[in-house]
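Here's the structure we're looking at; comments come further down.
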């Protein structure tokens with residue numbers, strides 16, 4: 001058993017060296033993408049005082065918060081009870097749709 005863990009450790013290190021990431025991260029790519037994006041989007045939302053020219057600052061902040069909620073949904077959905085997941089799924093999916101819609105507006 002310890003040998004498997006030892007070999008897995010070096011296999012992952014080799015993959016990181018070759019590809020820049022472990023192939024394990026491609027199994028649930030949506031999760032790893034959300035895990036990478038969440039803290040960056042959170043910092044972006046804190047620092048950003050502008051937004052698309054057709055939106056007020058207030059509306060843009062609300063949209064950014066919905067985007068964050070969508071990423072939180074992705075990161076936490078596997079841990080939720082079925083009923084809880086159903087309650088917030090629509091909002092989570094709306095946040096992800098906002099990411100798609102405003103993707104090219106995520107800059108300073």
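Within the option set 25, 72, being within 11 Å of the chain's Cα centre (by Cα) and part of a helix (DSSP H, G or I) holds for one residue only, 72. Of the residues in region 46-64, at least one is in a helix (DSSP H, G or I), touching a helix residue (DSSP H, G or I) at 6+ places or on another chain (Cβ under 6 Å), farther than 21 Å from residue 29 by Cα and at pLDDT 95 or above. Pairs are defined by a Cβ separation below 6 Å, a sequence spacing of at least 6 or placement on different chains, a first member in region 88-108 that is without any contact (Cβ under 8 Å) to a residue 24 or more places away in the chain, and a second member that is part of a helix (DSSP H, G or I) and surrounded by 12 or more Cβ atoms within 10 Å (Cβ to Cβ); the pairs so defined are 92/70; 92/73.
Taken together, the residues in region 62-87 that are surrounded by fewer than 16 Cβ atoms within 10 Å (Cβ to Cβ) and farther than 16 Å from residue 33 by Cα amount to 11.
The values are calculated or read from the model by the stated rules, or taken from the named source; none is laboratory data. All values derive from a computational prediction rather than experimental measurement. Every residue, glycine as well, gets a Cβ built from its backbone with ideal geometry; the counts of neighbours run over all protein chains shown.
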